[in-house]
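One structure below.
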Amino acid sequence: MRIGSFELKRRRKTDRNPTDDPTRLLSTSLGRQTIKGISYTQSLAAEQAMIHPVVFRCIDKIATSVAAVDWYVRKKEGTGRDKALTSKISDVLESPNGYMTAGELRYWLAMTRAVFGRVPFKVGVGTEGKPNALYPLKASFFETVLTDRGLIKHYKYGTASNHEILSTRENATDGTNGQGRMTKSYAWEIIKPNLSGSPTAKGFNTPLDAIGYPAEIIALLLKRAIDSAAGQPNSKYIVGSEKTLTEDQEKFIQDFLEDTTPGGDEGGAVLVISNTKIDVHELDNNLSDIHSKLPMDDMARHIAGSFGIPISLLGLSAQDGAKFAGNYLESRRSFWEDTIIPGYLVPIQQGLSQALCDEGHEIVFDLDTIPALEEVKADRAVKLNKVEFLTEDEKRQMCGFPPLTPEQKAALRAQNASRKPNSQASTEPNNDG
């Protein structure tokens, strides 16, 4: 079943003229022979944003959801099948490398896409010329090296003094245009296009770009509140008296207020001054009104909305839980149908299919393993069961299930026939005697 209304797939075997691509002209005219997709500043900003509890909760929610969906290799409709390649890719999906499980790799793929908008990785190739491993690459150390004509020459991974040259898939085979037997490892990148539409352009649209300014405001307001609350003791109080105090009395009051703060030498002591009335007014600089200083709930809704997560799924407060309890199931369904499937599962499965598979195979996520969509399929099946002008296979396809095989259809007919009552035996009269 095909899901998603957009296509991020880059076909590798289609015969095209490289000079037809207008984006290469921009690359050559600006002299950008080496393009670093993620700058050092952007990498630091992303690391800082991940410290924010709401940002981390959103990214973790997306990544754990993707990690929970199983994937597998299947044959495309109307194509041949290479059993050896199918087996190898299945092994790679089950055990990507020597230190990550399949779920951990899916988590990393989704997290990197959500944070940076681009997912670079290295594909290992075995001696038999087939993929045998997937290695994650850090986006901030991944660079694209172009030729003088603006085409991708190779990739570079690492620092200026210590880096590795990674081939493209087209240059990793003994044939032309990516056709032929694999001879060496290569790199691949799943991108989230920006307004330029070029895979070699700088900058990618990510939710962090949209929430950067609100997150900065939160950080500044929180710092201001903490600085005010943690000020010097003598700046937290105003002392008033009915008559002029002597210098000794003023110094005594000042020292007393400093020593009686929590942790001071005279903490908990009582101030007593004779012959005048003293009023000590404490300034309202504590953190008790932090919610009035920081509109954190409102900011959290903006951040969650940028990531496409309904606020009821984050469980940020009891108020939100009570307010959205009635539409929790709808929010859960919307999260999968509007965010996870089209925004993460579809691009990842298409990118991996292009990177690992030939034209006869594709990598897909098993949507039947998503509990949030099971009830949706069941309700749709009940409604379609009453529609008489659709075939069984058409109804199954609309519910998200594959068509029945001839063997399954024969078994279903036999099962239905065994359930029908023997009407003839029940209607004929008994002629005995």
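The values are calculated or read from the model by the stated rules, or taken from the named source; none is laboratory data. Quick caveat, the model's predicted, so the values are computed rather than measured. Note that each Cβ is placed from the backbone with ideal geometry, even for glycine, and that neighbours are counted across all protein chains shown.
So the values come out like this:
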item: Criterion violated by E170 - all others in (1) within 28 Å of V69 (Cβ to Cβ); (2) modelled with pLDDT under 90 satisfied; result: (1)
item: Condition met for D366 (among the acidic types (D, E) and assigned by TED's automatic domain parsing to the domain that holds V123); result: no
item: From E170, E128, residue being of a type in the set (D, E, K, R), assigned by TED's automatic domain parsing to the domain that holds V92 and farther than 20 Å from Q350 by Cα; result: E128
item: Residue among K409, K377 that alone is touching a Cys at 6+ places or on another chain (Cβ under 9 Å) and either at pLDDT 75 or above or surrounded by 13 or more Cβ atoms within 10 Å (Cβ to Cβ) (or both); result: K377
item: Among the candidates G158, G180, residue that is among the small types (G, A, S), surrounded by fewer than 19 Cβ atoms within 10 Å (Cβ to Cβ), without any contact (Cβ under 8 Å) to a residue 24 or more places away in the chain and farther than 25 Å from A110 by Cα; result: G180
item: Conditions (1) under 30 Å from M111 (Cα atoms); (2) modelled with pLDDT of 65 or more; (3) not assigned by TED's automatic domain parsing to the domain that holds D60; number of the one not met by H291; result: (2)
item: Residue list for segment 380-406, filter: surrounded by 14 or more Cβ atoms within 10 Å (Cβ to Cβ) and of a type outside the set (A, V, I, L, M); result: R380, K395, R396, Q397, C399, G400, F401
item: Residue satisfying all of: in segment 133-155; hydrophobic (A, V, I, L, M, F, W, C) and part of a loop (DSSP other than H, G, I, E, B); surrounded by the most Cβ atoms within 10 Å (Cβ to Cβ) among these; result: L137
item: Leading residue by the ranking (farthest from V55 (Cα to Cα)) among those in segment 300-327 that are modelled with pLDDT under 60 and not in a helix (DSSP H, G or I); result: F324
item: Residue check for P347: at pLDDT 80 or above, in the same structural domain as G124 (by TED's automatic domain parsing) and closer than 29 Å to A102 by Cβ; result: yes
